[in-house]
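The values are calculated or read from the model by the stated rules, or taken from the named source; none is laboratory data. Since the structure is predicted, the reported quantities are computational estimates derived from the model, not experimental observations. Note that we place each Cβ from the backbone using ideal geometry, even for glycine, and neighbour counts take in every protein chain shown.
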Amino acid sequence: MTRAYIPQAAYLIASLLFIFGLKRLSSPRTARSGNLVAAVGMALALGGTFLLPHISHFGWILLAIAIGAVPGWLLAKRVKMTAMPQMVSLFNGMGGACALFISLGEWFKMPVITLRGLHLIVTRSFGECFPMLLGVVFGSVSFTGSLVAFGKLQGLITEKPVRWPLQKANNALLFAALIAAAGAATHRQDQSFWIIALAVAALTLGVLQVLPIGGADMPVVISVLNSCTGLAAAVTGFAMHNMSMIIAGTLVGAAGSLLTVLMCKAMNRSLAKVVFGSFGLAPAAGAAAAKSDQIMREIAAAECAVMMGYARKVIIIPGYGLAVGQGQHLVHELEELLEKRGVEVKYAIHPVAGRMPGHMNVLLAEADVPYPKLLDMEEVNPEFDQADVALIVGANDVVNPAARTEPDSPIYGMPILNADKAKNVIVIKRGRGAGFAGIENSLFYNLKTRMLFGDAKKALQQLVTEIKAL
Ligand code: NAP
């Protein structure tokens, strides 16, 4: 095999490893090794690139790898589970930026002919330019859109939808300008100006498109932007004639699109409603009406322990608050103590519980909760009416019956966990604060519900102590 074929062979093996790794990511049991397999694939693709005949400047490439890898490694090592969605968003934005800069780099490699002292730029055909133009557009939108999503999730900018007059008309105008700049970039002499104008328009569009979307919808937005980055990488791969990039980009794009569809389904919201709607803008009148005339009934940990310790079946519903309170190890300990007493314990996992897809699965896996104990919403919902206790730990929107009963509610139609069907409901949360959608939860005022106020970790610790004392 000549040296020229080695990179292609490396790309082929890398692509197979990406596909194999992605397959393994579909189950928490195999996800770690899947990640490792895909990382090996990426290392192989990088190694292959070094062997490409026209590649030189190895020092610069190594420097670029170090600039990306060192902060990436440190950030990934230090990130808290609760900050994972914004981390994903940041990394996704970097992918978009890469596609943008690679496409621009390819563009500026355009040959220049000097004729009798005049510099003439050879204009390229639209077909030749198309992948680069798409790389610039998708890469830019994904870059700035992801940065705005990161800012919202990190609390650097308001989580609330930011709106201004004639917003949709502005965005439509910007989109038209973007098409015009793309056209001009392929047909005019001043191509460099127009490609920069295109990048500026697309970067602005990324910001303006994500700013009006509320914090609760950010994980869906990240999935959309993720598929955007994948697409950007794939078209950039076409521009560079790099097979590995085309395949990896297509995989990312397809995975992001499928995830978007699944999440929209889980929230019963169309993608158009997420991107152009106003979820989280202001609680709808019916849903927001504070139940000032109703009361939440408090309960002490000792009483909860009796209820659960002598139950036949307990279903635990983890939510975002469990991740914030880092109570995953204690919830597992509680589950083991109850099981020792002969209580059947299961976990009910809502697909959008927490702040990213699979958030609860990852959190509980970290605490070594056996995977078969985690039941999906469809699986667990029919079991609630046989449960003596539904223990809700830091969850809110995903158990809010308004999704079933209040057509005015912003979460109306979202499939929820039927905790209200259990014989008794215990809710652990710190206070009377609303969930991510910012709306009241009538379940907390239900006659069969008891509130164990406190931080998830502290409250679970008390429960563990009390159960041990039974
Ligand atoms: P949630 O509705 O945001 O509610 C979390 C609850 O946890 C809050 O009511 C809060 O009440 C409590 N809490 C916070 N910190 C706590 C702590 N340290 N200890 C105890 N309790 C604590 O969460 P969720 O039920 O998991 O629902 C997820 C939300 O995110 C949904 O609206 C969903 O649509 C949205 N979302 C998720 C995804 C995804 O991919 N997962 C995607 C899109 C949207 P206190 O402040 O009173 O403690």
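Restricting to the range 11-34, name every residue that is of a type in the set (D, E, K, R) and either surrounded by fewer than 16 Cβ atoms within 10 Å (Cβ to Cβ) or touching an Asp or Glu at 6+ places or on another chain (Cβ under 8 Å) (or both).
Residues satisfying the conditions are LYS23, ARG29, ARG32.
Would it be correct to say that VAL37 is within 24 Å of the chain's Cα centre (by Cα), within 25 Å of VAL362 (Cα to Cα), at pLDDT 90 or above and buried (at least 20 other Cβ atoms within 10 Å of the Cβ)?
Yes: the conditions hold for VAL37.
Please verify whether ALA353 is more than 11 Å from the ligand (Cβ to nearest atom) and either under 21 Å from the mean Cα position of the chain (by Cα) or in a strand (DSSP E or B) (or both), treating the condition exactly as stated.
Working: more than 11 Å from the ligand (Cβ to nearest atom): no; either under 21 Å from the mean Cα position of the chain (by Cα) or in a strand (DSSP E or B) (or both): yes.
Answer is no for this residue.
Which residues, taken from the range 125-178, are under 30 Å from GLN189 (Cα atoms) and part of a loop (DSSP other than H, G, I, E, B)?
SER125
Might you let me know whether the range 82-98 holds any residue that is assigned by TED's automatic domain parsing to the domain that holds PHE143, assigned to a loop (DSSP other than H, G, I, E, B) and of a type outside the set (D, E, K, R)?
no
Looking only at the range 329-350, how many residues end up being of a type outside the set (A, V, I, L, M) and within 11 Å of the ligand (Cβ to nearest atom)? Let's see the steps before the verdict.
At the first step, the residues of the range 329-350 found to be of a type outside the set (A, V, I, L, M) are 329, 332-333, 335-336, 339-342, 344, 346-347, 350.
Filter again for within 11 Å of the ligand (Cβ to nearest atom), leaving 350.
Within the range 329-350, residues that are of a type outside the set (A, V, I, L, M) and within 11 Å of the ligand (Cβ to nearest atom) number 1.
For the range 244-277, name all the residues that are closer than 24 Å to LEU100 by Cβ, away from the ligand (no atom under 14 Å from the Cβ), touching a residue at least 40 places away in the same chain (Cβ under 8 Å) and surrounded by fewer than 18 Cβ atoms within 10 Å (Cβ to Cβ).
Within the range 244-277, just ALA255 meets the criteria.
Output the qualifying pairs, or none if there are none: Cβ atoms under 8 angstrom, residues six or more apart or on different chains, first residue in the range 444-459 and closer than 17 Å to LEU334 by Cα, second residue acidic (Asp, Glu).
Correct list of pairs: LEU452/GLU298.
I'd like to know if the range 397-406 contains one or more residues that are of a type in the set (Asp, Glu), buried (at least 24 other Cβ atoms within 10 Å of the Cβ), near the ligand (Cβ under 8 Å from one of its atoms) and under 29 Å from the mean Cα position of the chain (by Cα). Talk me through it step by step, then tell me what you get.
Taking the range 397-406 and keeping what is of a type in the set (Asp, Glu), we get 397, 406.
Cutting the leftovers down to buried (at least 24 other Cβ atoms within 10 Å of the Cβ) gives us 397.
Narrowing the set further to residues that are near the ligand (Cβ under 8 Å from one of its atoms) leaves 397.
Retained after the next criterion (residues that are under 29 Å from the mean Cα position of the chain (by Cα)): 397.
The answer is yes; a qualifying residue exists.
Which residue out of ALA390, ALA403 is part of a helix (DSSP H, G or I) and in contact with a Phe, Trp or Tyr (Cβ under 8 Å, 6 or more places away or on another chain)?
Details: ALA390 fails: part of a helix (DSSP H, G or I).
Result: ALA403 is the single residue among ALA390, ALA403 that is part of a helix (DSSP H, G or I) and in contact with a Phe, Trp or Tyr (Cβ under 8 Å, 6 or more places away or on another chain).
Give the range 51-77 a look and list any residue that's in contact (Cβ under 8 Å) with a residue 40 or more places away in the chain and among the hydrophobic types (A, V, I, L, M, F, W, C), or say none. Even if it seems obvious, please write down each step before you answer.
Initial filter on the range 51-77 (in contact (Cβ under 8 Å) with a residue 40 or more places away in the chain): 51-53.
Scanning the range 51-77 gives LEU51, LEU52.
Examine the range 449-463 for a residue that is in a loop (DSSP other than H, G, I, E, B) and among the aromatic types (Phe, Trp, Tyr), and state whether such a residue exists.
no
What number of residues within the range 426-470 satisfy the criterion of being within 21 Å of GLU383 (Cβ to Cβ) and either more than 14 Å from the ligand (Cβ to nearest atom) or in contact with a Gly (Cβ under 6 Å, 6 or more places away or on another chain) (or both)?
Adding up the residues that qualify gives 3.
Of the residues VAL362, VAL369, VAL324, which single one is crowded, with 18+ Cβ neighbours inside 10 Å and within 14 Å of the ligand (Cβ to nearest atom)?
VAL324
Yes or no: the range 147-156 includes at least one residue that is away from the ligand (no atom under 16 Å from the Cβ), farther than 30 Å from ILE13 by Cβ, surrounded by fewer than 16 Cβ atoms within 10 Å (Cβ to Cβ) and at pLDDT 90 or above.
Yes, that holds for at least one residue.
Output the number of the condition that ILE213 fails; it satisfies all remaining conditions of (1) within 16 Å of the ligand (Cβ to nearest atom); (2) assigned to a helix (DSSP H, G or I); (3) surrounded by 22 or more Cβ atoms within 10 Å (Cβ to Cβ).
If we test ILE213 against (1) within 16 Å of the ligand (Cβ to nearest atom); (2) assigned to a helix (DSSP H, G or I); (3) surrounded by 22 or more Cβ atoms within 10 Å (Cβ to Cβ), just (2) comes out false.
Which of the following residues is within 21 Å of ALA434 (Cβ to Cβ) and out of contact with any Lys or Arg (no Cβ under 7 Å at 6 or more places or on another chain): MET360, MET377, MET307?
None of the other options fit; the residue is MET360.
Restricting to the range 380-397, give me the number of residues that are touching a Leu at 6+ places or on another chain (Cβ under 7 Å) and within 19 Å of LEU447 (Cα to Cα).
Going through the range 380-397 one residue at a time, the tally reaches 1.
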